[in-house]
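**Student:** Dumping the structure here so I can ask a few things about it.
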Amino acid sequence: MANDLQVLNALDVAKTQLYHFTAIVIAGMGFFTDAYDLFCISMVTKLLGRIYYHHDNALKPGSLPPNVSAAVNGVAFCGTLAGQLFFGWLGDKMGRKKVYGMTLMIMVICSIASGLSFGHTPKSVMTTLCFFRFWLGFGIGGDYPLSATIMSEYANKKTRGAFIAAVFAMQGFGILAGGMVAIIVSSAFKGAFPAPAYEVDALASTVSQADFVWRIILMFGAIPAGLTYYWRMKMPETARYTALVAKNLKQAANDMSKVLQVEIEAEPEKVAAISVANGANEFGLFSKEFLRRHGLHLLGTASTWFLLDIAFYSQNLFQKDIFSAIGWIPPAQTMNALEEVYKIARAQTLIALCSTVPGYWFTVAFIDRIGRFAIQLMGFFFMTVFMFALALPYHHWTLKDNRIGFVVMYSLTFFFANFGPNATTFVVPAEIFPARLRSTCHGISAAAGKAGAMVGAFGFLYAAQPTDPKKTDAGYPAGIGVRNSLIVLGCVNFLGMLFTFLVPESKGKSLEEMSRENEGEEETVAEMRATSGRTVPV
């Protein structure tokens with residue numbers, strides 16, 4: 001019955017129109033900001049090391065100690081994981097719209113606060129930066145389940161996958177924007193405050209004004225989030241939440257009549273039937289009934305996202321090798337501080353432009369044609385192939401003549417991550433769970449992904465260190481080496497391919513059909529007809 005409601009049926013069969021694109025932009029700008037805030041920190045960590053951890057007479061510029069680097073880069077992931085669980089749950093309790101504005105305000109406030117991190121000692125600056133980055137991540141975490149759920153509940157059956165994937169694809173533009181802002185800011189300061197290279201004059205190579213550069217780059221993230229706030233507050237609550245969770249069909253019909261610009265009947269006579277029918281289906285997240293219906297689905301969405309993010313965020317393993325190999329980033333001592341920021345930002349922008357962004361939009365183009373399952377399986381398969389192709393002949397790729405091939409293989413690995421599981425793991429959890437648990441289950445799946453991101457970003461940073469303790473980076477213990485780390489990552493991708501078989505295909509089906517929210521409702525209607533002696537419309 002749920003999917004026989006006129007208001008929900010109208011959403012399922014609605015032609016693509018302006019409100020769909022408006023919703024994509026409003027939800028997508030949140031993801032644009034998320035990606036900007038999460039990835040821009042990697043462009044300023046070298047600068048932070050030069051400013052706050054300079055040592056006189058050292059051969060190389062100052063760098064963040066391993067524990068400080070892990071904290072600065074990883075604390076936002078911890079906040080994101082917590083935010084995904086908390087706001088995912090809250091989105092099902094309070095409604096998507098109320099919580100949506102809350103997460104955005106946290107992001108605006110904490111973006112600004114991150115750039116205003118106070119103190120004069122390295123310890124105080126890093127501590128306050130980590131504090132605000134955690135809460136920034138907390139707000140970002142809420143955006144994952146809410147954006148996906150809102151877009152899935154607004155979309156029609158035919159193009160729902162493309163719409164949700166388009167929201168997620170805004171991440172690519174966020175990463176691109178982070179690089180471009182860093183390029184512009186560092187170029188402006190470099191031109192205004194020229195400085196010698198570190199090897200010429202170590203102290204003068206980092207001008208005092210460089211402290212403003214990282215702060216401006218971090219604070220810029222507040223602008224797109226702030227601009228989106230007004231439009232988020234104008235969006236009505238999704239009809240599926242209002243009708244199926246709040247059980248206010250009249251309000252759902254009124255909201256969607258305005259959005260779709262068609263007349264939709266409130267159908268008040270169906271409220272009683274839905275309330276009784278849903279009463280039989282009001283199982284909780286930790287119930288045997290949920291385990292029976294959706295237990296394997298949740299295991300599938302959480303495990304594939306976890307495994308994908310281990311591989312996706314481990315790119316730090318060989319990014320520095322690639323950038324150095326093709327001359328995008330010269331040795332640190334041959335540059336001044338602002339020049340280094342510029343070179344790192346330029347390299348990351350080129351990678352995003354050539355590999356990351358196209359992969360996202362390939363998914364948008366094909367997800368409703370070939371399906372979520374096929375794209376995810378294909379993505380994991382090619383990631384496995386390219387990881388092993390990088391790992392097994394690793395020495396071959398390190399030779400100077402072969403390094404362009406290494407760059408191509410690297411780019412293809414992450415192209416198929418984005419035209420593959422990096423997008424589908426975001427889309428599917430927003431489609432296959434019941435409305436009253438949809439945001440919660442998406443939050444759990446996304447949080448599993450962030451746990452994988454922490455393993456990938458930091459576990460493998462240690463694992464990839466050379467086996468010879470004398471050759472490790474400063475402050476790091478011996479590891480298993482890059483080659484063995486890549487072999488492990490190839491196995492991780494293969495496991496992702498296997499766990500994909502737990503995830504159902506949702507292409508072309510209504511949300512109620514996928515979540516089985518109308519299961520058993522026909523019997524309920526028949527009973528109501530028999531006991532009331534009147535017709536209950538279906």
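Since every read-out is calculated from the coordinates, none of them should be taken as a lab result. This is a predicted model, so every value here is computed, not measured. Cβ sites come from the backbone with ideal geometry, for glycine too, and all protein chains shown count toward neighbours.
**Student:** Rank 418, 497, 334 by how far each Cα sits towards the positive end of the charge dipole of the chain (+1 on Lys, Arg Cβ; -1 on Asp, Glu Cβ) and give me just the farthest.
**Tutor:** With unit charges placed on the Cβ atoms, the residue in question is 334.
**Student:** Another question, then. Can you check how the C-alpha radius of gyration of the chain compares to 2.2 N^0.38 Å, as a plain ratio?
**Tutor:** Working it through for the chain, the quotient is 1.04.
**Student:** Greater than 29 Å separation of Cα atoms is the criterion. Which listed pairs, 250/288; 93/450; 288/509; 450/470, meet it?
**Tutor:** Cα-Cα > 29 Å for 250/288; 450/470; rest within.
**Student:** Then there is this: Under a cut-off of 24 Å between alpha-carbon atoms, report the lysines in cross-link reach of residue 123, not counting same-chain residues fewer than 8 places apart.
**Tutor:** Within the straight-line cut-off, residue 123 pairs with 46, 60.
**Student:** Sorted by mean Cβ packing within 10 Å, highest first, what order do the peptides 31-38, 349-356, 333-340 take?
**Tutor:** By packing density, highest mean first, the sequence is 31-38, 333-340, 349-356.
**Student:** Any chance you could give the angle, 0 to 90 degrees and rounded to 10, that helix 270-280 forms with the longest Cα principal axis of the chain?
**Tutor:** 70 degrees
**Student:** Another one. Quick one: putting +1 on the C-beta of Lys and Arg, -1 on the C-beta of Asp and Glu, what dipole do you get for the chain around its Cα centre, in Debye to the nearest 20?
**Tutor:** Using only the charged Cβ atoms, the result is roughly 500 debye.
**Student:** A further question follows. Expected output is a single nm value to one decimal: the length gained when fully extending between residue 123 and residue 17, i.e. 0.36 nm times separation in residues minus the C-alpha distance. What is it?
**Tutor:** 32.9 nm
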